[in-house]
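A.B. asks: Below you'll find the structure I mean.
Derivation of every value follows stated rules applied to the coordinates shown; laboratory data play no part. Keep in mind that this is a model prediction, so the values were computed, not measured. A quick note on method: Cβ atoms are made from the backbone with ideal geometry, for glycine too, and the neighbour counts reach across all protein chains shown.
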Amino acid sequence: MENDNILQEIDKSKFGVLFQVHREINELSALETATKLDLEETDIVDIENGEAIITPDIVKKASILFKTDFISLLSSSSSVNHFENVYSSPINSNFHTYKSTDEKQSEAILLLIDNVTSMNKRIAELFEQKTS
């Protein structure tokens with residue numbers, strides 16, 4: 001299938017970071033996520049570590065579970081590097097323990113901005129392909 005070829009070109013580690021971010025924003029454990037996606041918990045760990053084969057079924061089910069569009073899960077925008085830097089930062093524990101009154105709302109707004117930016121970039125790429 002042509003779609004499978006596209007998924008083979010995905011940067012698995014960036015997909016894994018976005019997958020983990022979406023899972024954590026939705027306050028789901030790896031086990032809960034695995035159960036809802038009909039996978040094993042080790043599969044979720046492999047996805048988040050960039051070691052799993054990403055299938056169209058995983059992308060579809062994850063986008064439904066995380067209540068997001070599949071493009072945001074497949075995006076390789078620069079914000080992924082931001083998330084990677086935050087998770088690997090020596091001040092990571094401070095990041096997760098800091099609580100603002102609207103932390104979840106702030107995360108949702110940042111994710112929305114990232115999704116819109118990614119979508120606009122993809123639309124521009126598709127438009128360029130059509131006009132070429």
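A.B. asks: Arrange S75, S106 by Cβ neighbour counts within 10 Å, fewest through most, would you?
C.D. replies: S106, S75
A.B. asks: Students often get this wrong, so check it: of K60/K121; K67/K130; K67/K104; K14/K130; K14/K121, which have C-alpha atoms separated by over 24 Å?
C.D. replies: Distance filter (> 24 Å) returns K67/K130; K14/K130.
A.B. asks: How long is the gain from A108 to T131 if the chain were fully straight, where each residue apart is worth 0.36 nm and the alpha carbon distance is subtracted?
C.D. replies: 4.9 nm
A.B. asks: So how much slack lies between T42 and V116, counting 0.36 nm per residue of separation and subtracting their Cα-Cα distance, in nm?
C.D. replies: Taking T42 through V116 to full extension adds about 23.5 nm, to one decimal.
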